[in-house]
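Asks: If you scroll down you'll find the structure; I have some questions about it.
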């Protein structure tokens with residue numbers, strides 16, 4: 001992909017974009033415009049589904065949809081899920097999986113935790129790929145990070161956890177280097193305090209490993 005990479009005062013650097021590190025040449029402006037609303041669209045997804053259900057019920061009420069069609073649509077929409085995106089894996093303690101891996105998505109995660117879960121302090125289990133903006137992500141999540149364990153997902157492109165922990169410390173958070181995701185999750189569950197929310201983030205690989213561990217151990221609820 002080609003295109004001029006113009007920067008203006010206040011513009012985000014390329015490293016802050018969700019697609020950072022994936023291309024050897026500047027990304028075309030068309031792609032930037034096409035993906036600009038992804039984070040916002042994610043937050044609206046639940047309301048989009050509710051609107052679709054209401055619209056289907058209206059169509060049924062005026063005789064356009066049969067009862068069977070309405071039931072099928074409602075069931076299909078009820079089954080819609082996006083694993084690893086603000087996914088609540090457990091409610092006691094609260095464990096959330098969100099594969100936020102860019103500065104923008106990390107900011108959206110912080111807003112979602114505070115707005116929807118009234119989270120004031122999160123116990124973060126963070127791991128990410130080597131090409132990600134670790135400083136930017138740390139700066140966005142540090143304000144709600146009560147504690148951080150930097151964990152390495154089982155992935156060849158994973159960033160060293162020491163680098164992740166250092167970025168969070170630099171951003172003003174308390175961080176330590178952990179082993180794998182499962183071990184970090186077990187430690188968090190054993191030491192979580194009060195209404196602290198445990199959050200697996202930084203990578204969909206981290207979110208997936210956390211989900212798999214909880215399912216394997218029967219710890220989901």
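Asks: Of the numbered conditions (1) in contact with a strand residue (DSSP E or B) (Cβ under 8 Å, 6 or more places away or on another chain); (2) on the phi > 0 side of the Ramachandran plot, residue 172 satisfies every one except a single condition; which is it?
Replies: (1)
Asks: Tell me, please, whether a residue that is closer than 19 Å to residue 98 by Cβ, more than 18 Å from the chain's Cα centre (by Cα) and assigned to a loop (DSSP other than H, G, I, E, B) can be found in segment 186-205.
Replies: Within segment 186-205, one or more residues are closer than 19 Å to residue 98 by Cβ, more than 18 Å from the chain's Cα centre (by Cα) and assigned to a loop (DSSP other than H, G, I, E, B).
Asks: Could you tell me whether any residue of segment 134-151 is closer than 15 Å to residue 88 by Cα, surrounded by fewer than 21 Cβ atoms within 10 Å (Cβ to Cβ) and touching a strand residue (DSSP E or B) at 6+ places or on another chain (Cβ under 8 Å)?
Replies: No - not one qualifying residue is present in segment 134-151.
Asks: Shifting gears a bit: Would you point out which residue out of 101, 155 is in contact (Cβ under 8 Å) with a residue 12 or more places away in the chain and within 26 Å of residue 192 (Cα to Cα)?
Replies: 101 is the lone residue from the list that is in contact (Cβ under 8 Å) with a residue 12 or more places away in the chain and within 26 Å of residue 192 (Cα to Cα).
Asks: Among the residues of segment 206-220, write down those that are in contact (Cβ under 8 Å) with a residue 12 or more places away in the chain and either part of a loop (DSSP other than H, G, I, E, B) or touching a helix residue (DSSP H, G or I) at 6+ places or on another chain (Cβ under 7 Å) (or both).
Replies: Result: 206, 209, 210, 213, 219, 220.
Asks: Do we have residue 153 as in a helix (DSSP H, G or I) and in the same structural domain as residue 95 (by TED's automatic domain parsing) here?
Replies: For residue 153, the condition - in a helix (DSSP H, G or I) and in the same structural domain as residue 95 (by TED's automatic domain parsing) - is not met.
Asks: Residue check, residue 62 against (1) within 19 Å of residue 141 (Cα to Cα); (2) surrounded by fewer than 14 Cβ atoms within 10 Å (Cβ to Cβ); (3) modelled with pLDDT of 90 or more, all met but one. Which one?
Replies: Answer for residue 62: the failing condition is (1).
Asks: Only residues in segment 160-188 that are in the same structural domain as residue 212 (by TED's automatic domain parsing) and touching a residue at least 60 places away in the same chain (Cβ under 8 Å) count as the first member; pair them with residues that are surrounded by fewer than 23 Cβ atoms within 10 Å (Cβ to Cβ) and in a helix (DSSP H, G or I), Cβ under 8 angstrom, at least 6 apart or cross-chain, and list the lot.
Replies: Cβ pairs passing all conditions: 185/213; 185/214.
Asks: Quickly run through segment 44-59 and pick out the residues that are surrounded by 11 or more Cβ atoms within 10 Å (Cβ to Cβ) and either assigned by TED's automatic domain parsing to the domain that holds residue 208 or closer than 30 Å to residue 124 by Cα (or both).
Replies: 44, 45, 46, 48, 49
Asks: I'm checking my understanding of the structure. Among residues of segment 75-104 that are in a helix (DSSP H, G or I) and touching a helix residue (DSSP H, G or I) at 6+ places or on another chain (Cβ under 6 Å), which one is surrounded by the most Cβ atoms within 10 Å (Cβ to Cβ)?
Replies: Taking the candidates together, the pick is 103.
Asks: Would you check if there is a residue in segment 134-149 being assigned to a loop (DSSP other than H, G, I, E, B) and modelled with pLDDT under 95?
Replies: The answer is no, given that none of the residues of segment 134-149 is assigned to a loop (DSSP other than H, G, I, E, B) and modelled with pLDDT under 95.
Asks: Hey, does segment 118-127 have a residue that's under 17 Å from the mean Cα position of the chain (by Cα), in a loop (DSSP other than H, G, I, E, B) and exposed (fewer than 14 other Cβ atoms within 10 Å of the Cβ)?
Replies: yes
The values are calculated or read from the model by the stated rules, or taken from the named source; none is laboratory data. If you're wondering where the values come from, they're calculated on a predicted model, not measured in any experiment. Please note: Cβ atoms are built from the backbone with ideal geometry, for glycine as well, and neighbour counts cover all protein chains shown.
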